[in-house]
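Have a look at the structure below, then the notes.
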Amino acid sequence: MSLLELENASRLQHGVWIAAAALLAVLILAPWWADDSDLRSIAEFAYLVAIAQMWNLLAGYGGLISVGQQVFIGIGGYTLLILSLDAGISPFLCIPVAGVVSALFAVPIAAVVFRLQGPYFAIGTWVVADVFRLALDNVPAIGGGSGKSLTSALMSIPGWQREATTYWIALGLGVGLTIGVYLILRSRLGLAMTAVRDSVPASESLGVRVGRTKLLIYVASALGLGMAGALIYLTKLRVSPDAAFSMDWTVLMIFIVVIGGIGTVEGPIVGTAVFFFLRAMLADFGPWYLVILGSVAVVVMLKARRGIWGWVAGRFNFHVFPTRRRIRVNSLRSGFAEMPPSPRYLTE
Amino acid sequence: MSLCSVRRLSVGYGDFKVLFDIDLDIDEGQAMAMIGANGAGKTTLLRAITGLLKAPDDSIKFAGRPIAGTPPHAIVALGVAMVPEGRCLFPSLSVEENLLVGAHAKRRGPWTLQRVYDLFPALLQRRRAPVELLSGGQQQMVAIGRALMSNPRLLLCDEVSLGLAPIVIKSIYCAFPAILAEGTTILVVEQDIGRAIAMADTVTCLQEGKVTLAGPPKQFSRADITAAYFGR
């Protein structure tokens, strides 16, 4: 009986994977069947999943609660602005470059904020983001406080090509960063990360380099957010310090991850879907929209602390991405929870 | 031949000094038991040897080279592993994953997952279970196995019998001869003087941050040890 349950679970998992691949194929073809506004909505969905995954990696797995991750969105946006307008580089090419630039900035930023712990770390990251915002307010060459438009860099690209390429990049980031997080978590680094989150002294005394592990996660998260930031401002066409370094970005990431399920790869996808649904439903309620959004977050935090996906996974034993290493299958023989086998490379 | 030697080591936490001019030699291939009352400085000494607590330069040598001031991960790479007091397992990982974290330093040697399961067969059956669901004794086996996975030359065990039933403690102490047989040196912090004397080649007693007794256990009478333990 225990074996049967295991088989059912993995068959369901296979089904979901096949469905996801089919959905992905349909989405890749979207520029040929969807209109512009649908395309933009799907792209927005994809990049929100991407940035939420980055915050999830940092906080849910790395245990680093940052409220200043907008700094990397902003750095990504401004890298796009400067390279495409002033250096004349193709805006699409700017996106990976923005990721690298953002990762490079992450190293000195980490050197500052990693000196702080817990809530002080959170506040420190926020301060860093605001320092960037205020600094760029005072650089007239890139528009100062009112920012600058990207339109002139994009004019030479035909409309359909621009919309479709932007869309594909957004889709690629959403899917790619989700898979990236999954792969990191299944790697040696992922194991070390989880160990550090669980117990710093124990992992330290076993030879895990705690500082370096945290830095790697932080830089990886900055890399993803930098690319996403450039992509986001490619769709928004105007970069200004107040928008690009806005706390709203991190609030959105936190909302999505907390609602969806912190510390699960599926959580950010579920959270983004919930966010889209609520936003569409509450569009006519004006300021009440934010009140209701906040209330939903509070209720989830009180009633389902692991978020919607955490609740589903706990209730129905189901994971699309089995990284939490907690699949529970009822076993008649031992009568207690068991986990899936570790991937082979770990045991070699 | 001394594998780890401590000379005139004085450390503490901020202004609070715990150890005063400690001298200690751990000979290669031997089992040393360290006894002493609560607060005597046993755990602090282990933390200094593993680099978790910064010790003054030249106060600690391992395999002939000074290791004071070296970061913990580098000390693990040299071959020092610790079983921390209270086990400190990783609660969100399975038994096997806890063991694999121990192999993070990638030191080569006799200890592999297979060998750890041979040593503690109870763990093989539960290799995929979340470590929190194990009994206290099995958790202690995971903690020892996890430290062995780094293939240490020196294994430091801090209060491995704390809070365990006598029969369970016995099964854990049964593992030590097999570990010694691989050439690994063992230092065990133990509150039970009888058990410490039974297993160890040498015994060291700490009292209020000073070494009050050191040598082969048969040199000392029960009264000597009691005096060293409690003070006169």
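The values are calculated or read from the model by the stated rules, or taken from the named source; none is laboratory data. Since the model is a prediction, treat every value here as computed from it, not as a measurement. Don't worry about glycine lacking a Cβ; one is built from the backbone with ideal geometry, like all the others, and counts go over all protein chains shown.
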Item to complete: Return only the number of the condition from (1) under 20 Å from B:Val203 (Cβ atoms); (2) surrounded by fewer than 22 Cβ atoms within 10 Å (Cβ to Cβ) that B:Tyr13 does not satisfy.
Response: (1)
Worksheet item: How many of the residues making up the range B:49-58 are touching a Ser or Thr at 6+ places or on another chain (Cβ under 8 Å) and more than 9 Å from chain A (Cβ to nearest Cβ)?
Response: 2
Worksheet item: Which one of these does A:Arg197 not meet: (1) touching a residue at least 12 places away in the same chain (Cβ under 8 Å); (2) among the basic types (Lys, Arg); (3) farther than 17 Å from A:Gly263 by Cβ?
Response: (3)
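May I ask you to list the residues in the range A:235-246 that are crowded, with 20+ Cβ neighbours inside 10 Å and among the hydroxyl-bearing types (Ser, Thr, Tyr)? Reasoning before the result, please.
Going through the range A:235-246, the residues crowded, with 20+ Cβ neighbours inside 10 Å turn out to be A:239-241, A:244-245.
Residue satisfying the conditions is A:Ser240 alone.
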Worksheet item: For A:Gly211, all conditions in the list (1) within 14 Å of another protein chain (Cβ to nearest Cβ); (2) without any contact (Cβ under 8 Å) to a residue 24 or more places away in the chain hold save one; what is the number of the exception?
Response: (2)
Item to complete: Go through the range B:203-223 residue by residue and tally those that are more than 19 Å from the chain's Cα centre (by Cα) and loosely packed, with under 15 Cβ neighbours inside 10 Å.
Response: 6
Discussion item. Let me confirm something: among A:Ser156, A:Ser205, which residue is without any contact (Cβ under 8 Å) to a residue 24 or more places away in the chain, in contact with a strand residue (DSSP E or B) (Cβ under 6 Å, 6 or more places away or on another chain) and either within 21 Å of B:Glu97 (Cα to Cα) or not β-branched (Val, Ile, Thr) (or both)?
Written reply: A:Ser205
Worksheet item: Quick one: B:Ala33 ticks every box in (1) small (Gly, Ala, Ser); (2) assigned to a strand (DSSP E or B); (3) within 14 Å of chain A (Cβ to nearest Cβ) bar one, so which box is it?
Response: (3)
Worksheet, complete the sentence: Per the filter on the range A:155-191, residues within 22 Å of A:Arg40 (Cα to Cα) and assigned to a loop (DSSP other than H, G, I, E, B) are A:Met155, A:Ser156, A:Ile157, A:Pro158
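To keep it simple, each residue is scored yes or no on (1) buried (at least 24 other Cβ atoms within 10 Å of the Cβ); (2) outside any loop (DSSP other than H, G, I, E, B); (3) charged (D, E, K, R); (4) within 14 Å of the chain's Cα centre (by Cα).
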{"position": "A:Gly211", "(1), (2), (3), (4)": "no, yes, no, no"}
{"position": "A:Lys214", "(1), (2), (3), (4)": "no, yes, yes, no"}
{"position": "A:Met227", "(1), (2), (3), (4)": "yes, yes, no, yes"}
{"position": "A:Tyr233", "(1), (2), (3), (4)": "yes, yes, no, no"}
{"position": "A:Leu252", "(1), (2), (3), (4)": "no, yes, no, yes"}
{"position": "A:Ile259", "(1), (2), (3), (4)": "yes, yes, no, yes"}
Worksheet entry | Selection within the range A:56-72 - assigned to a helix (DSSP H, G or I) and either among the hydroxyl-bearing types (Ser, Thr, Tyr) or under 19 Å from A:Val112 (Cα atoms) (or both) | A:Leu58, A:Ala59, A:Tyr61, A:Gln70, A:Val71, A:Phe72
Fill in: Selection within the range B:1-30 - small (Gly, Ala, Ser) and either touching a Pro at 6+ places or on another chain (Cβ under 8 Å) or modelled with pLDDT of 95 or more (or both)
B:Ser10
Item to complete: Hey, can you tell me all the residues within the range A:146-204 that are within 14 Å of chain B (Cβ to nearest Cβ) and small (Gly, Ala, Ser)?
Response: A:Ser187, A:Gly190, A:Ala192, A:Ala195, A:Ser199, A:Ala202, A:Ser203
Fill in: the range B:100-124 - residue that is more than 22 Å from B:Leu180 (Cβ to Cβ) and within 7 Å of chain A (Cβ to nearest Cβ) and, of those, surrounded by the most Cβ atoms within 10 Å (Cβ to Cβ)
B:Val101
Worksheet, complete the sentence: Note on the range A:298-330: residues modelled with pLDDT of 80 or more, farther than 25 Å from A:Ile184 by Cβ and surrounded by fewer than 20 Cβ atoms within 10 Å (Cβ to Cβ) are A:Val298, A:Val299, A:Met301, A:Leu302, A:Lys303, A:Ala304
Fill in: Unique residue being surrounded by fewer than 20 Cβ atoms within 10 Å (Cβ to Cβ) and either within 25 Å of A:Met247 (Cα to Cα) or modelled with pLDDT of 90 or more (or both) when the list is A:Val200, A:Val219
A:Val219
Response to the item:
(1) farther than 17 Å from A:Val239 by Cβ; (2) surrounded by fewer than 16 Cβ atoms within 10 Å (Cβ to Cβ); (3) among the charged types (D, E, K, R) all hold for A:Asp86 apart from (1)
Worksheet item: Hey, among the residues in the range B:70-99 that are over 15 Å from the mean Cα position of the chain (by Cα) and of a type in the set (Gly, Ala, Ser), which one's farthest from the other protein chains (Cβ to nearest Cβ)?
Response: B:Ala74
Item to complete: Answer yes if at least one residue in the range B:130-140 is under 16 Å from the mean Cα position of the chain (by Cα), free of Cβ contacts under 8 Å to residues at least 40 places away in the same chain and outside any helix (DSSP H, G or I), and no otherwise.
Response: no
Practice prompt. Kindly list, by first and then second residue, each pair from a residue in the range B:61-84 that is buried (at least 21 other Cβ atoms within 10 Å of the Cβ) to a residue that is in a strand (DSSP E or B) and of a type in the set (D, E, K, R), limited to pairs with Cβ atoms under 6 Å and residues at least 6 apart or on different chains.
Written response: B:Pro84/B:Asp158
Discussion item. Checking the structure you have, find out if any residue of the range A:143-166 is over 30 Å from B:Asn151 (Cα atoms), modelled with pLDDT of 95 or more and not aromatic (Phe, Trp, Tyr).
Written reply: no
